[in-house]
Amino acid sequence: YATRTQPPFAASSMDGYAVKGAEVEDDCMFKVIGESAAGHGWDGTVGAGQAVRIFTGAPVPQGADFVVIQEDVKVRGNLITLGRDIGPKDNIRPAGVDFLEGDPMTAPRTLQPADIALLASMNIAQVPVYRRPIVALISTGDELVMPGQTPKPDQIIASNTFGLAAMLENLGAHPRILPIARDNESSLRTAFDLAKGADLVITIGGASVGDHDLVAPVAAELGMEQSFYKVAMRPGKPLMAGKLGYRAMVGLPGNPVSAMVCGTVFIAPMIRAMLGLGQSASPQRSVALSAPIGANGPREHYMRGFADANGVHSADQQDSSLLSVLSQSNVLIVRPPNDPARNIGECVNVMDI
């Protein structure tokens, strides 16, 4: 809560002269009897026919209720003469026009630079906050190399980790990118050991049911309590979640788009909850279609799409490996299971990405 009123006094919003408003007339003359500057107010009282030189932010002296801007006066010694067509604006900021003592800073909220400035203006030196959750990111697979390295003919670049790290950073978390875990139990155990101290552990890939998908069995051996495995959605079906000691754990699919979509749908709400911003799904909004869209299958489908002033249309290609399509999209079109074909002008729900 604000510990003071801002401004704590009626303050001038312009450089000029403080006078009695009832005396403001064309060609009227006033005697200047003092000066009020920011941090150095004038303690006297303005009487009839008197004016006080005043500067922006300075307290309006007692007896004055109007500031004539300096451009509207002629000065000769300690006398000023008003010009014509002064206008009704008094150029005064009333006491408390910004906020009053006791006004709240609403919470929960993500503190923006303007919020920090407001807290300082309220003379609030400290506020309780949630710390940024630490999120360990573990990419898995013999086929992966880090960006900047030269992949072998049968290898690819580990892209998911860095896209998710950027997403987490934007959400307010503190991502930790760990070394790639190879397709053997020893390497995975080492990666999980390096993840100690994190609030959330995210693995990428290795969560399916192939011979090389070792995340679930190794995590189980380390004591993971699995909450669920697989969700009825596309992309992102082979999603796993649970608890590893005191840490939350999520196993994301290895396909790049699947991992990023699951990050939007599942990880983003988790981070917001860990930051004290409430427990709610990623927001959706309704947008009219600018192109027809086919019927959906039995799983909820998060289609890559593009929304503009004309509406929204889906990308032509929806393969879960195509990062180029995701990069060119700005929304996910949320299709319920078995949703029928939709025509131009019909509304669909979208998530901004």
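The values are calculated or read from the model by the stated rules, or taken from the named source; none is laboratory data. As the structure is a prediction and not an experimental result, all values here were calculated from the model. For neighbour counting, all protein chains shown are included, and Cβ atoms are generated from backbone atoms with ideal geometry for every residue, glycine included.
Please list, ordered by first then second residue, the pairs with beta carbon atoms under 6 Å, 6 or more apart or interchain, first in the stretch 327-353 and farther than 16 Å from MET233 by Cα, second acidic (Asp, Glu) and not in a loop (DSSP other than H, G, I, E, B).
VAL331/ASP352
Of the numbered conditions (1) without any contact (Cβ under 8 Å) to a residue 60 or more places away in the chain; (2) within 28 Å of PHE99 (Cβ to Cβ), GLY21 satisfies every one except a single condition; which is it?
Unmet for GLY21, out of (1) without any contact (Cβ under 8 Å) to a residue 60 or more places away in the chain; (2) within 28 Å of PHE99 (Cβ to Cβ): (1).
Exactly one condition in (1) farther than 10 Å from VAL19 by Cβ; (2) in contact with a Gly (Cβ under 6 Å, 6 or more places away or on another chain) is not met by ASP65; state its number.
All conditions are met except number (1).
Can you list residue pairs whose Cβ atoms sit under 7 Å apart, with the first residue in the stretch 107-127 being on the phi > 0 side of the Ramachandran plot and touching a residue at least 12 places away in the same chain (Cβ under 8 Å) and the second being of a type in the set (Val, Ile, Thr) and assigned to a loop (DSSP other than H, G, I, E, B)? Count only pairs 6 or more apart in sequence or on different chains.
From the stretch 107-127, the pairs are ASN123/THR3.
Would you mind finding the one in GLY278, GLY294, GLY254, GLY305 that is under 14 Å from ASN330 (Cβ atoms) and either in contact (Cβ under 8 Å) with a residue 40 or more places away in the chain or among the hydroxyl-bearing types (Ser, Thr, Tyr) (or both)?
On inspection, the qualifying residue turns out to be GLY305.
Which of the strands (runs of 3 or more DSSP E) contained wholly in the stretch 1-97 include at least 2 residues that are within 42 Å of the chain's Cα centre (by Cα), buried (at least 16 other Cβ atoms within 10 Å of the Cβ) and assigned by TED's automatic domain parsing to the domain that holds ILE124?
So the answer is 66-69.
Quick one: GLY197 ticks every box in (1) over 30 Å from THR110 (Cα atoms); (2) modelled with pLDDT of 90 or more; (3) assigned to a loop (DSSP other than H, G, I, E, B) bar one, so which box is it?
The single condition GLY197 does not satisfy is (1).
Among the strands (runs of 3 or more DSSP E) lying completely within the stretch 277-353, list those that include at least 3 residues that are crowded, with 17+ Cβ neighbours inside 10 Å.
Working: elements: 285-288, 300-308, 311-314, 331-335, 347-352.
By residue number, 300-308, 311-314, 331-335, 347-352.
Go through the stretch 31-62 and report how many residues are under 15 Å from GLY77 (Cα atoms) and either out of contact with any Ser or Thr (no Cβ under 8 Å at 6 or more places or on another chain) or touching a residue at least 60 places away in the same chain (Cβ under 8 Å) (or both).
Selection size over the stretch 31-62: 7.
Going through MET233, MET270 one at a time, which residue ends up being farther than 30 Å from ARG109 by Cα and surrounded by 17 or more Cβ atoms within 10 Å (Cβ to Cβ)?
MET233
Being under 15 Å from PHE30 (Cα atoms) and without any contact (Cβ under 8 Å) to a residue 60 or more places away in the chain is the filter here; which residues of the stretch 78-99 pass it?
ASN78, LEU79, THR81, LEU82, GLY83, ARG84
From the list ARG132, ARG109, which residue is under 30 Å from LEU244 (Cα atoms), touching a strand residue (DSSP E or B) at 6+ places or on another chain (Cβ under 9 Å) and either in a loop (DSSP other than H, G, I, E, B) or of a type in the set (Phe, Trp, Tyr) (or both)?
The unique qualifying residue is ARG132.
Name the residue that is farthest from LYS196 (Cα to Cα), counting only residues in the stretch 215-243 that are touching a residue at least 40 places away in the same chain (Cβ under 8 Å) and touching a helix residue (DSSP H, G or I) at 6+ places or on another chain (Cβ under 6 Å).
For the stretch 215-243, the residue satisfying everything is PRO235.
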